[in-house]
Structures are given as C-alpha cells and as structure tokens.
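Novice: This is the structure I want to talk about, given as structure tokens.
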Amino acid sequence: DTNVPGHWNSAVPVFSTDGGVTWDNISTTPSNTSTTYTFSHSYTTPAERIAFHFPYTVDRHNAKMTEWTGHPNVAKETLGFSTQGRPIDYLRVTSATGDVSALPSFWVIARQHSAEVTASYSMEGFMDFALSNDPDAVALRQNSVLLGVPMVTPDVLFLWNYRDNA
C-alpha cells in the first residue's frame, strides 16, 4: 500500500548490469492486485541490481557537492544535523560582493523524503544551470542569493526507506 493513490499502476522497476552506474526500465509490464505487486526480469549478468526508481546514490551526491563547492561563487554551510548526525548542508550561491542583505534571496530544497529521487535530479539540473556561464545564470548570481539544500534529510540515502526518514 502507498500514500500515492494509483502509484502501483504506473510504477516500473529499473535494473543495472554495471554495478549501479547506468539504469534502465525492466522490459515487462508489472501487474498488481490489492496485496501484490509483480514483475519479471531476465538477468543477463550474475550481479544485476533492481530498484523501484532510478536511484540517486551517495557517491553521486558527494561528487556533485564536491563539484559545486569548487565553484568560486559557492559557499557550503550547515543548517543543522539529521537524526543520525549527518550534516544538513546548503549551498550559498552569489557573485555579488559586499553587503548582500538587500538582494532578493530564495531557497530551493530537495529530498525531503527518501522516495523523492527525482528531486535530487532536479536539484542537480538547477544547480548545474545556476553555476553555468549562461547569461541568465550569471545574472542570477549577480543579482540574488540562492540558498540550495540538495538533501533536506541526508539519512535517506543511507536507509533507502520508501517514505520514511530516520
């Protein structure tokens, strides 16, 4: 059962044959009843991985945080700590100098719940754009302060619960 009505009617698991680097949808159509969700998959390697959604891994998250914090207009700060003691980091993005308190600022958050993997991909795209050389991104950095929280509940990457945090 899920708190998203009809979720099981459209859910399609994914699989990886290369240790989780790339993923693809299973080729069969899943079925479900009120108590059972069923799908089939033919393995082609001895160590395939199956997941309910395209995963957003700890390694990917850490690599993107390293990439983003290497940008000259980014400062990484910590809001607080998760239930399991992991830092809840945010990225302060601006190229404005001096007192920026009068500039408009806005928060963009992702991954409040573990099942929201698409939010991680959306944040990745947003941050990659915001730090790009696109004229609109440059103007954004010059005229505002972006406060991006890529992982509101960092424990979710380690627990892999569907809808629960620690």
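Novice: Taking the full set of protein chains and a 1.4 angstrom probe, give the accessible area of residue 108 in square angstrom, rounded to the nearest 10.
Specialist: 40
Novice: Further question on the same structure: Please name whichever of 42, 11, 147 sits farthest to the positive end of the charge dipole of the chain, dipole taken about the Cα centre and charges placed at Cβ: Lys and Arg +1, Asp and Glu -1.
Specialist: The listed residue farthest towards the positive side: 147.
Novice: Expressed as a whole number of Å, what is the distance separating the alpha-carbon centroids of the range 124-142 and the range 5-25?
Specialist: 30
Novice: Mind checking the per residue accessible area of the range 33-146 for me, 1.4 Å probe, whole number of Å²? Intermediate values should be presented prior to the final figure.
Specialist: Values: 6750 Å² over 114 residues.
That works out to 59 Å² per residue.
Novice: Just grab the label-to-label distance for residue 27 and residue 49, each label 7 Å out from Cα along the Cβ direction, in nm (one decimal).
Specialist: A separation of 2.2 nm, rounded to one decimal place.
Novice: While we're on this one: Helix 117-130 versus the longest principal axis of the chain: what is the Cα-based angle in degrees, 0 to 90, to the nearest 10?
Specialist: Helix 117-130 sits roughly 30 degrees off the main axis of the chain.
Novice: Name the most mobile residue of 103, 147, 131, meaning the one with the largest mean-square fluctuation, in a Gaussian network model of the chain with Cα contacts below 10 Å.
Specialist: 103
Novice: Spelling out what I want: for every residue of the range 64-69, take phi, set θ = phi - 60°, compute 6.51 cos²θ - 1.76 cosθ + 1.60 (Karplus), and round to whole Hz; glycine and proline get x.
Specialist: 5, 4, 4, 4, 5, 6
Novice: Could you check how much of the accessible area of the range 45-153 is carbon and sulfur, as a whole percent, using a 1.4 Å probe?
Specialist: Working: 3120 of 5790 Å².
The nonpolar share, carbon plus sulfur, comes to 54 percent.
Novice: Using +1 on the beta carbon of Lys and Arg, -1 on that of Asp and Glu, and nothing else charged, what's the dipole of the range 1-145 about the Cα centre, debye to 20? Mind dumping the intermediate values first?
Specialist: Values: 8 positive and 14 negative charges, 48 e Å.
Roughly 220 debye, rounded to the nearest 20.
Novice: What residues qualify as long-range amide H neighbours of residue 114, i.e. H under 5 Å apart, gap of 5 or more or another chain, H built at 1.01 Å from N?
Specialist: 164
Novice: Once phi is turned into θ = phi - 60°, what whole-Hz ³J(HN,Hα) does the Karplus curve with 6.51, -1.76 and 1.60 give for every residue of the range 148-153, x standing for Gly and Pro?
Specialist: Whole-Hz 3J(HN,Hα) from phi for the range 148-153: x, 10, x, 8, 5, 10.
Novice: What list of ³J(HN,Hα) values in whole Hz, one per residue of the range 132-142 in order, does the Karplus curve 6.51 cos²θ - 1.76 cosθ + 1.60 (θ = phi - 60°) give from phi, with Gly and Pro shown as x?
Specialist: 7, 8, 4, x, 5, 5, 4, 5, 4, 5, 6
Novice: Now for a separate question. Please find the FRET efficiency linking residue 97 to residue 59, where r is the Cβ-Cβ separation and R0 is fixed at 35 Å, and quote it to the nearest 0.05.
Specialist: Calculated value: 0.55.
The values are calculated or read from the model by the stated rules, or taken from the named source; none is laboratory data. Note that the coordinates shown come from a computational prediction; the quantities given were computed from them, not determined experimentally. Cβ: placed from backbone, ideal geometry, glycine included. Neighbour counts: every protein chain shown. Remember, those area values only see protein heavy atoms, side chains included, never the ligands or the DNA or RNA. Shrake-Rupley method; radii C 1.70, N 1.55, O 1.52, S 1.80 Å.
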